[in-house]
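Worksheet: the structure to be examined is printed underneath.
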Amino acid sequence: MKDIATMALQTNMEIANDVTNANGDVIVKAGTHVTDYTIQKLNRHKIMAVTVMEDIDYAVTYFEKIRLSDGFKNFENSYKDSLEEYKSIIKDFIACQTSLPLDELMRIYHDLTSPVRECAKILDYLYNMLPTEDNMTYAHCFNSALIAGVFGQWLCLKPDELELLIQCGFLYDIGKLKLPYELIWKPDKLTPVEFAQIKTHTMIGFQMLQDQPIDENILKATLSHHERFDGSGYPSRLHDEQINKYARVISIIDAYEAMTSPRAYRQSKHPFQIIEIFENDTIKYDSNILRPILYRLGNHLIGLQVLLSNDVKAEVVLINQARMCRPLLKDSSDTFIDLISRRDLKILAIY
């Protein structure tokens, strides 16, 4: 809602609160849609300003409200320019094999993220971004760098470690830019031959970067971000501590970005769905890295409303450490609902 001068009212705006005259009588009720007659009536009673509804007041879900917020609108405008800068740098590197300007990439990162006071808001903003088709591969890497900044802070990395993780995010999937777009973003299940081709992107990226004067951890993250803690990954079936620590974080970031980014053929998954997927696949990731991230991701949702599969809305009040995707809730009658014991219920949406 916002206050607006009566002289600036436009037809079809909705009055948010009852408007009273000098005697306290209601002259225009809340919910009234403005007409020329309404404006004339307000002027007769010398009403200088009224409160009207804004688009955000009609939003239903949490992420709809984020999308209509001023913070997101400012971020979205800056994001588009920053992504184009990033894309230009990477395209020049691929075409001319110029030296990668890591300082310039970090400047782009800081220019975009510095105005955002709460780092977790960046995740909310990215959830609402839908890159154009020709930018999807670039946006995947760019978003991963932004997510790396959030997750790195949650992991309490030192400043130099945080910067290095962000640089890994910018570059780790660069090999995909050498593969056909139709293959990378194929909506249907990949054939064995296609999957084998996709898997080459880690080695392609490593080869593209190996002669650059960059930290070896970036090279290892590029080569090993699809290795899995249980040894089920590729290209070398490394496991546990054999996997570079930055690659272990990037593997989580890579999966998270893929699940949160909307595609033409599917919707983004909401955070509790994402937490559930990670918890079901916990053996594939370093739990010392994964669990703090999931806990902070869940804690960011405390105080919000969720819609359950029985059509009940309830507030998130506590994240259960034993099963973070199934929090403790409280409904409108102050009754607690522990989703760990209520296995018949699912969270459908966040409000």
- Task: Figure the gain on full extension for LYS29 and THR191 (residue separation times 0.36 nm, minus the Cα-Cα span) and round it to one decimal in nm.
- Result: 52.1 nm
- Task: Give, in nm to one decimal, the length gained when the segment between TYR58 and GLN207 is fully stretched (0.36 nm per residue of separation minus the Cα-Cα distance).
- Result: 48.6 nm
- Query: Using r as the Cβ-Cβ distance of GLN273 and LYS73, and R0 as 30 Å, what FRET efficiency do you calculate, to the nearest 0.05?
  - Reply: 0.70
- Query: Once the mean 1/r over all distinct Cα pairs of region 2-53 is inverted, what Kirkwood radius in angstroms do you read off?
  - Reply: 10.6
- Pick from PHE142, PHE151, PHE229: which is most flexible by mean-square fluctuation in a GNM of the chain where alpha carbon atoms under 10 Å apart are linked? PHE229
- Message: To test your reading of the geometry: what angle, between 0 and 90 degrees and rounded to tens, separates the Cα axis of helix 245-260 from the longest principal axis of the chain?
- Response: 40
- Note on the structure: The helix 287-299 Cα axis meets the longest alpha-carbon principal axis of the chain at an angle in degrees, between 0 and 90 and rounded to 10, of 10
- For THR132 and PHE336, extending 7 Å from Cα along the Cα-Cβ vector and measuring point to point gives, in nm, a value of 5.2
- Query: Quick one: in the chain, what % of C-alpha pairs are over 32 Å apart?
  - Reply: 43
- Item | Approximate spin-label separation ASP230-THR20, in nm, with each point projected 7 Å along Cα-to-Cβ | 6.5
- Message: Using the Cα centre of region 302-350 as the reference point, and only Cβ charges (+1 on K/R, -1 on D/E), how large is the resulting charge dipole? Debye, rounded to the nearest 20.
- Response: 220
- Expressed in nanometres to one decimal, the distance between label points 7 Å along Cα→Cβ at MET1 and LYS80 is 3.2
- Query: Size of the dipole of the chain about the Cα centre, Lys and Arg at +1 and Asp and Glu at -1 on the beta carbon, nothing else charged, in debye to 20?
  - Reply: 660
- Query: Roughly speaking, what is the stretch gain from ASN280 to ALA120, that is 0.36 nm per residue apart minus the C-alpha to C-alpha distance, in nm to one decimal?
  - Reply: 55.3 nm
- Query: Which whole number of Å³ per residue matches the convex hull of the alpha-carbon atoms in region 36-84?
  - Reply: 119
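Every read-out reported here was derived from the displayed coordinates using simple, explicitly stated rules and does not represent laboratory data. Please read all numbers here as calculations on a predicted model, not as lab measurements. FYI the Cβ positions are ideal-geometry reconstructions off the backbone, even for glycines, and counts take in every protein chain you see.
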